[in-house]
1. Enumerate by residue number the trypsin sites (Lys or Arg not before Pro) in the range 204-297 meeting two conditions: DSSP loop (anything except H, G, I, E, B), and at most 13 other Cβ atoms within 10 Å of the site's Cβ.
2. R0 = 41 Å: FRET efficiency of Thr294 with Ala107, Cβ-based, nearest 0.05?
3. For the range 103-242, state what percent of all Cα-Cα pairs lands in each successive 5 Å bin, counting from 0 Å until the bin that includes the largest distance.
4. Any idea what the dipole of the chain comes to, in debye rounded to 20, about its Cα centre with Lys/Arg Cβ at +1 and Asp/Glu Cβ at -1?
5. Lys66's amide H: which non-local residues (gap 5+, or another chain) put their own amide H closer than 5 Å, with H modeled 1.01 Å from N in plane and none for Pro or chain starts?
6. If I take all pairs of Cα atoms in the range 114-160, what percentage of them are more than 17 Å from each other?
7. Towards the positive end of the charge dipole of the range 10-157, with charges on Cβ (+1 Lys, Arg; -1 Asp, Glu), say which of Ala19, Gly57, Ser154 has the farthest Cα.
8. For Val286 and Ile60, compute 0.36 nm times the residue count separating them, minus their Cα-Cα distance, and round to one decimal in nm.
Amino acid sequence: MAQTRSVFLQGLNSPFGMALVGNELYIANADALLRFPYVTGQAAITAPGTKVMDLPGGPINHHWTKNVIASPDGKFLYVAVGSNSNVGENGMAAEDGRAAIWQVTRATGKARVYATGLRNPVGLAWQPRTGALWTTVNERDELGNDLVPDYMTSVKEGAFYGWPYSYFGQHVDARIQPPRPELVATAVAPDYALGAHTASLGLAFYDATLLPERYQGGAFIGQHGSWNRKPFSGYKVLYVPFANGVPSGSPQDVIAGFLDSNGKAQGRPVGVAVDKAGALLVADDVGNVIWRVTPAP
């Protein structure tokens with residue numbers, strides 16, 4: 001499995017995702033996928049990066065963060081690119097190459113769209129039992145407190161997941177004109193709902209042994225939390241149990257309590273990862289810390 005690590009790099013334009021393959025560190029920048037030389041143990045990289053490919057950027061650049069993950073064999077990179085709007089209100093020409101996951105061949109740099117109709121795919125992870133690529137997706141706004149659910153789903157090659165013409169499969173969103181019924185008819189329903197407006201961002205499957213056995217094989221999800229829902233939702237780290245490679249039960253709170261009694265965020269989980277010892281790492285962009293979760297004594 002390709003490793004991911006954090007190091008300091010110079011000259012980046014708001015990077016989000018990183019993937020380490022051998023001695024090559026890939027950064028999913030706001031407008032490009034870059035490659036840097038890296039030697040294990042380095043805490044800083046000053047060498048200039050090499051552009052692997054351009055990624056959709058400005059001038060609108062609604063969902064500007066990108067993410068990247070390497071395939072377990074290191075042959076491919078998968079890059080998540082969010083939409084340029086809530087529901088296509090900036091025109092579909094502004095969505096070219098967006099709301100999609102791209103596949104990049106490392107050896108050649110050749111890129112192609114792998115899956116589409118994903119409004120804002122953020123978390124990327126490989127399911128350890130099946131080897132399938134999974135993602136967490138932030139869905140659309142302004143349809144009320146309880147629509148539309150954010151979700152996690154396996155990513156099928158060539159699949160269309162509905163955005164902006166439909167949500168959660170083939171539920172039509174009439175706000176986008178003209179409609180595309182022929183596309184809606186092909187829309188794939190996602191595997192698992194994570195609640196409306198939870199801003200589910202991070203995704204990590206657990207295949208270590210440090211945490212209790214009940215977490216084995218399931219998924220941890222960092223929920224950044226809603227800005228547009230009453231009452232608020234998210235602001236926690238969830239665990240979703242898996243069996244035979246698919247979700248098998250209700251979500252469970254792992255870390256909560258990030259909202260104080262006045263509804264003010266004391267922390268907002270973003271990325272989640274598992275370290276070499278098997279502890280869960282949670283990046284919190286309000287507390288500006290990384291939490292390390294281990295079993296209680």
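The values are calculated or read from the model by the stated rules, or taken from the named source; none is laboratory data. Since this is a predicted model, take the numbers as computed values, not measurements. Quick reminder, even Gly has a Cβ in these numbers, built from the backbone with ideal geometry, and neighbours come from all protein chains shown. Just so you know, the surface numbers come from the protein's heavy atoms only, side chains and all, with ligands and any DNA or RNA stripped out. Shrake-Rupley method; radii C 1.70, N 1.55, O 1.52, S 1.80 Å.
1. Values: sites: Arg214, Arg229, Lys236, Lys264, Lys276, Arg292; in loops: Arg229, Lys264, Lys276.
Answer in residue order: Lys264, Lys276.
2. Computed FRET efficiency for Thr294 and Ala107: 0.55.
3. Spelled out bin by bin, the range 103-242 gives 2, 10, 18, 19, 19, 15, 10, 5, 2, 1, 0 percent.
4. Around 440 debye, computed over the chain.
5. Answer set, sorted by chain and number: Phe16, Gly17.
6. Beyond 17 Å sits 38 percent of the P(r) for the range 114-160.
7. About the Cα centre, the residue reaching furthest to the positive side is Ala19.
8. 78.8 nm is the gain from fully extending Val286 to Ile60.
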